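Okay, so here's the structure we're looking at.
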Amino acid sequence: MSDVVLETRDLVKHFPISKGVVLKTQVGAVRAVDGVNLQLRRGETLGIVGESGCGKSTLAKLLVGLEKPTRGEIQVRGDDLTRLTGTALRRARRNIQMVMQDPYTSLNPRMTVGDIIGEPFDIHPDAVPGYGKARAVRDLLDIVGLNPDHINRYPHQFSGGQRQRIGIARALALRPEIIVCDEPVSALDVSIQGQVINLLESLQRELGLSYVFIAHDLSVVRHISDRVAVMYLGKIVETGNDVAIYDQPTHPYTQALLSAVPVPDPRLRGHRDQIMLEGDVPSPADPPSGCRFRTRCWKAQPHCADQEPRLELRQRSSHPSACHYAEPRITTRHY
């Protein structure tokens, strides 16, 4: 499939739990990401949603190489990043860059904006355009809607939305095909969120970018994404296009997530069936056997504890779902 620019195969990240001060013994592991298979196509935006602690940010760090996987493959344009080393790895990682969540801590306060955006050129000197680093940095500032004359200012002299634009400019410096956006608008005001989302969409059209877009806000994910993957306790439990996931979700967890979206119109609040999940989210260090959602699922049967459901197309579904009893639930659009 020549249009696939990013693919993960059985991607796993376990953080060891150790006991002891001097002679540390591993007594367990936090299963942050546990067998994730994803594909991202050229020019596509793949949204990833799920509650806090489900492994979204760990997955993002794995994709860009900030964390080393326990096992699995990360294919970027046919190159397995988990097998490459040295110069080959550094060159391959140019194709996938990241926009961090917090624009206030992701920029070095001791560096000027010009130095921050130009730092990728210091690491990859052969990527500097022929017209020079300084002009390239000024062009990047202009592309993201900032004044190129502010190249010598420091991060504290910019607002939150402007800082996030600086982070986007830094991610674009090496002209990547893929950008991983780890909740890029969650720390911004609502009006600024819209501006940053519009900028990302504009850049995608102009530069042919592909996005992995991670967010909590389901309305933002629906607005920007072509396909959506729902995560729960380190696993993908449902995936499909935005219409399938939002209008006809089949996995009980996805249905519960959508039912929890606030309804702006008070006249409609009493006309929606809200699903109240019982119990707490299990610990990723000790997930339930079989289906990981079964301890909170109203459809759970004894069979769910014995056999883990695969993420696959079910009989009554138009898209893959990891549930033995997947069944479409028609939702009313409030987002």
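Looking at the structure I just gave you, is Val230 aliphatic (A, V, I, L, M) and at pLDDT below 90? Against the criterion (aliphatic (A, V, I, L, M) and at pLDDT below 90), Val230 does not qualify.
Against the condition assigned to a helix (DSSP H, G or I) and either under 18 Å from Phe213 (Cβ atoms) or in contact with a helix residue (DSSP H, G or I) (Cβ under 9 Å, 6 or more places away or on another chain) (or both), how does Thr8 come out, does it pass? So that I can check it myself, show each step before the final result.
On the way: assigned to a helix (DSSP H, G or I): no; either under 18 Å from Phe213 (Cβ atoms) or in contact with a helix residue (DSSP H, G or I) (Cβ under 9 Å, 6 or more places away or on another chain) (or both): yes.
When the stated conditions are applied, Thr8 does not pass them.
If we keep just the residues of the stretch 219-244 that are among the polar types (S, T, N, Q) and crowded, with 20+ Cβ neighbours inside 10 Å, which is nearest to Gln255 (Cα to Cα)? The residue in question is Thr239. Answer yes or no: is there a residue in the stretch 17-34 that is of a type outside the set (Asp, Glu) and within 30 Å of Arg138 (Cβ to Cβ). Checked against the condition, which is being of a type outside the set (Asp, Glu) and within 30 Å of Arg138 (Cβ to Cβ), the stretch 17-34 yields no hits at all. Would you mind finding the one in Leu188, Leu174 that is farther than 18 Å from Thr45 by Cβ, in contact (Cβ under 8 Å) with a residue 60 or more places away in the chain and touching a Gly at 6+ places or on another chain (Cβ under 6 Å)? Just a single option satisfies the conditions, and that option is Leu188. Every test in (1) closer than 11 Å to Val49 by Cβ; (2) crowded, with 20+ Cβ neighbours inside 10 Å is passed by His216 save one, and that test is (2).
Residues being in a helix (DSSP H, G or I), hydrophobic (A, V, I, L, M, F, W, C), modelled with pLDDT of 85 or more and farther than 19 Å from Arg31 by Cα are represented in the stretch 302-323 by at least one member.
One line per residue, one yes/no per condition, for (1) surrounded by 14 or more Cβ atoms within 10 Å (Cβ to Cβ); (2) among the aliphatic types (A, V, I, L, M):
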{"residue": "Arg294", "(1), (2)": "yes, no"}
{"residue": "Cys297", "(1), (2)": "yes, no"}
{"residue": "Pro302", "(1), (2)": "no, no"}
{"residue": "Ala305", "(1), (2)": "yes, yes"}
{"residue": "Pro309", "(1), (2)": "yes, no"}
{"residue": "Glu312", "(1), (2)": "no, no"}
{"residue": "Cys323", "(1), (2)": "yes, no"}
{"residue": "Glu327", "(1), (2)": "yes, no"}
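Restricting attention to the stretch 152-166, and to residues there that are touching a Ser or Thr at 6+ places or on another chain (Cβ under 9 Å) and outside any helix (DSSP H, G or I), which single residue is nearest to Val99 (Cα to Cα)? Only one residue tops the list, namely Tyr154. For the stretch 180-210, taking the residues that are of a type in the set (Gly, Ala, Ser) and surrounded by fewer than 21 Cβ atoms within 10 Å (Cβ to Cβ), the one that is nearest to Lys56 (Cα to Cα) is identified as Ser186.
Return a yes/no flag: does the stretch 150-166 have any residue that is farther than 19 Å from Ser106 by Cβ and at pLDDT 95 or above. Yes, the stretch 150-166 contains a residue that is farther than 19 Å from Ser106 by Cβ and at pLDDT 95 or above.
Select, from Arg77, Arg94, Arg71, the only residue that is on the phi > 0 side of the Ramachandran plot, out of contact with any His (no Cβ under 6 Å at 6 or more places or on another chain) and in contact (Cβ under 8 Å) with a residue 40 or more places away in the chain.
Selected residue: Arg77, the only one of Arg77, Arg94, Arg71 that is on the phi > 0 side of the Ramachandran plot, out of contact with any His (no Cβ under 6 Å at 6 or more places or on another chain) and in contact (Cβ under 8 Å) with a residue 40 or more places away in the chain.
The values are calculated or read from the model by the stated rules, or taken from the named source; none is laboratory data. Note that the structure is a prediction, hence the values are computed from the model and not measured. Backbone-built Cβ (ideal geometry, glycine too); neighbour counts: all protein chains shown.
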